[in-house]
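The values are calculated or read from the model by the stated rules, or taken from the named source; none is laboratory data. As the structure is a computational prediction, the values presented were derived from the model and not from experiment. Cβ placement follows ideal geometry from the backbone for every residue including glycine, while neighbour counts extend to all protein chains displayed. Side chains included, ligands, DNA and RNA excluded: accessible areas come from the protein's heavy atoms. Shrake-Rupley method; radii C 1.70, N 1.55, O 1.52, S 1.80 Å.
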Amino acid sequence: MNISTFNAFKSRNYRLYFTGQSVSLIGTWMQKTAVSWVIYEKTHSNFMLGLTLFASLFPSFIFSFIGGVAADRYNRYKLLLVTQVASMIQAVLMTLLIFFKDYSVWEIIALSALLGLINAFDVPARQSLVYEMVDDKADLPNALALNSSMVNLSRLIGPGIAGLALEKFGEDICFGMNAISFIAVIGSLLMMKLPKFVVTPSTKNVFGELKEGFQYIKRTPSISLVLVMLALMSLLVLPFSTLIPVYAKDIFKGTASTFGVIDSVIGLGAFTGAIFLASLKPGRNLRKILAANTLVFGAGLILFSHTTYYPIALVFATISGFGMMSQITISNTLIQTTVDPAMRGRVISFYAMAFFGMQPLGGLLIGYLSQMIGTPDTVMIQGFIAFGIGLLLFRFLRKAKKENYKRLKK
């Protein structure tokens, strides 16, 4: 691993952010794992798993536009502080609900929806603020790849700890640890020294600003292609993760630990992918790597779908995680490094909509489909769709290369 893998750590603000966020995200993944397990234990329904994902992400889809405008219009730092405190309150409410054992599935779904609403404002503010935390803007792609490695390392550690905690101590411990983990991120934000916020006077109303952002994306095909591909993956492929409890409990006849382990190896693959991206030399063709890794993702899912031998299934789940990571990270990097700074918050809100907005709809679709044709066949179909999208991406790249070549010859 070369030294440039950690270039972004030269910036003090980014180091603080990275440390606080790392602790908080482990808590977030513990809560996510516990929610899925609690819902499946209570209902034994694939559809309810999809519905829970829908509730936790759909508010982000509806409100992320407003979150994007808010991130461009107001102080992103203060906005992020507010969303982190609100997330902590949500985690405390969830802990109390589970602790007193007198809850219905609908109460968990309602609190998941509240978190989705908070995230609609949190994601555009957080993603646009990373740009301001990095002193040397050439280190931005590295900061975004390190960000993903942090997200995926927490995805590796969080579900594993959650699986053990669920078995040994009960569900409320997972929710309680998530609530405590927010202290780290709020503390790190308070220690930052960011450039003074300059208010940019806004002449348009919220819808005028949204329209401006949409027109900017339409005029920039390199960004619109990435967003369309991400939306398709989020709708049809990424919701495969909602079916993992079914594999753990029904296919591998396992327990909460089994679920935690499968989720963790997906995280291990994703973490490896993120470190691979962070180690890339500047100037590498990220679009080509995105297309190749989409094929890897598809192949991993196809192989995983019908494997009934647990150790081999874990290998295929890891391969899927490696390919999956690129969808999110490379898409984000391509957008952040090419977008006009004045449009950053709004364009990121479209990115959040493509990523968070399509997944809940996909969760309902995949939950319903798996009830009809079975879980293994559903995941296999998702793998073939990812493979097809990867081939389409290669086709677009070839076409763009030919057009550039023709232009240069003129």
Inset, instruction - Give me the pairs, please: first residue somewhere in segment 286-310 and assigned to a loop (DSSP other than H, G, I, E, B), second residue anywhere and open to solvent by less than 10 Å² (accessible area, probe 1.4 Å), beta-carbon distance under 8 Å, and either six or more positions apart or on two chains. - result: Thr307/Ala313
Legend entry - Selection status of Glu167, of a type outside the set (Gly, Ala, Ser), surrounded by fewer than 24 Cβ atoms within 10 Å (Cβ to Cβ) and touching a Lys or Arg at 6+ places or on another chain (Cβ under 7 Å): no
Legend entry - Check on Leu146, open to solvent by less than 10 Å² (accessible area, probe 1.4 Å) and touching a residue at least 12 places away in the same chain (Cβ under 8 Å): yes
Inset, instruction - Look through segment 170-186, keep the residues that are modelled with pLDDT of 85 or more and of a type in the set (Gly, Ala, Ser), and return whichever of them is most open to solvent (accessible area, probe 1.4 Å). - result: Ala184
